[in-house]
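Shown next, in structure tokens, is the structure this report addresses.
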Amino acid sequence: NCPQTTQDRLYTHPATCLAIFRSLSETAQQYVMRLLFLVKPFALDALTSWVVNARDKANLDATKQLKSVRLWSVVKLDNGNDGVTLHPNFRKGLTTAMCGGGMSWYGNHQLEPDKKPKTVEFLDSYSKERWECLLQYMVQGNSESDKVSPDIANLLLQSGMINRSGNEHAITSTGFQFLLLDTPSQIWYFMLKYLDKCDTIGLNLTTCLAFIFQLSFSTLGKAYPIGSHGTFVQHLRQIGLVYQRKHTSPWFYPTRHAIDFLSAGSNKSAERKEGFVVVETNFRIYAYTSNELDIALVALFAETLHRFESFVVGHITRESVQMALQNGISAKQILDFLESHAHPQMLKSKPVIAPTVTDQLYLWEMERSRLSTEEGSCTRSF
């Protein structure tokens, strides 16, 4: 929910207008296309003749959607009747995006071609590595602090995903819930928090949003000039949304995470990686992985007994669960993690997690609420 002045400035960018148009429902898109080249307001009564049933849910949702982002507004016609018109900035921006014209979205920078172009495979590997560095910083204290900028670390702190005590920090319940999401949803959530705080780090919200919309129309594997977005690009570089060889390089490469970012927020069927966790009724846990982040996540609530090249054995104990509970991680979150990362063999059984394990985790959690404190008063000498 952006202020009206921010939306007015955003609609001056053709890439923003095109991205918003693509996010609309099919019915809303039909309304926009029919009104796009009408300079004067169109009668509202005539508008209802475009649909079979004006009270249809799809039609009502479309009009609500258009009003929520202020794409159209109701005005009075000369005859006194109501009419609708598109936002003038949006009409101009979308017309430019669809019909051509105007300046290049990345400016007219005359730079030499990149002498060391990067492949798509390299960009995919780079973006995955950078994003996992951020997640490892959340889970493993300061082990990856040299790879996370102070601005990004402060954003995690202000967003409530970690809490800090002296030079150390620990993941919170919000942060653990964040780790349960798939990668596209994690990036969507993180960028929403970033945009909410960008004014506090000296960045303009409108400029940042417009640049993100531009990235969504970029070509994977193609280099683009940085222009005036140096600070923002550095932050996106930290989390793997863009690649820049060094901070003085005039070129950057959008990664797949940046190009797919806008569609990730509405993608409910995002692919998850194959599960790797097996939990037995004796509370033994087996993690078939060599990924440091996955191993660190399991270690948040289980004691590590043995570690091999691609295999870790752990034990869920009362002490390990109590430690997780002290850090704000609930029993339900632990069970959600175990189920969402369950090995394919475990998924064949119903329920996935044995009732013995489920019930015991909840019992250990209830131990923390056996006593409650309330304010009282002491009366004496009466």
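Annotations for the structure displayed:
- Selected residue (criterion: modelled with the lowest pLDDT) from residues of the stretch 13-52 that are outside any helix (DSSP H, G or I) and open to solvent by 80 Å² or more (accessible area, probe 1.4 Å): 52
- Which listed residue is in a helix (DSSP H, G or I), crowded, with 17+ Cβ neighbours inside 10 Å, touching a Ser or Thr at 6+ places or on another chain (Cβ under 7 Å) and not charged (D, E, K, R), from 335, 325: 335
- Every condition in (1) at pLDDT 85 or above; (2) over 13 Å from residue 240 (Cβ atoms); (3) in contact with a strand residue (DSSP E or B) (Cβ under 9 Å, 6 or more places away or on another chain) holds for residue 123 except the one numbered (2).
- Only residues that are open to solvent by 50 Å² or more (accessible area, probe 1.4 Å), in a helix (DSSP H, G or I) and at pLDDT 90 or above were counted in the stretch 273-316, giving 0.
- Among the residues of the stretch 114-129, the ones that are closer than 14 Å to residue 252 by Cβ and not in a helix (DSSP H, G or I) come to 4 in all.
- Filter result (open to solvent by 60 Å² or more (accessible area, probe 1.4 Å) and closer than 18 Å to residue 14 by Cα) within the stretch 205-227: 207, 219
- Flag for residue 199 being in contact (Cβ under 8 Å) with a residue 40 or more places away in the chain, open to solvent by 20 Å² or more (accessible area, probe 1.4 Å) and over 17 Å from the mean Cα position of the chain (by Cα): no
- Test: residue 319 is closer than 29 Å to residue 184 by Cα, among the charged types (D, E, K, R) and either out of contact with any His (no Cβ under 8 Å at 6 or more places or on another chain) or open to solvent by 90 Å² or more (accessible area, probe 1.4 Å) (or both): no
- Here residue 258 does not fit the description of being open to solvent by less than 60 Å² (accessible area, probe 1.4 Å) and over 20 Å from the mean Cα position of the chain (by Cα).
- Residues of the stretch 341-364 that turn out to be open to solvent by less than 50 Å² (accessible area, probe 1.4 Å), part of a helix (DSSP H, G or I) and in contact (Cβ under 8 Å) with a residue 24 or more places away in the chain, as a count: 4
- Residue check for residue 186: surrounded by fewer than 16 Cβ atoms within 10 Å (Cβ to Cβ), free of Cβ contacts under 8 Å to residues at least 60 places away in the same chain and under 21 Å from residue 237 (Cα atoms): no
The values are calculated or read from the model by the stated rules, or taken from the named source; none is laboratory data. Since this is a predicted model, take the numbers as computed values, not measurements. Note: ideal-geometry Cβ built from the backbone for every residue, glycine included; neighbour counts use all protein chains shown. Remember, those area values only see protein heavy atoms, side chains included, never the ligands or the DNA or RNA. Shrake-Rupley method; radii C 1.70, N 1.55, O 1.52, S 1.80 Å.
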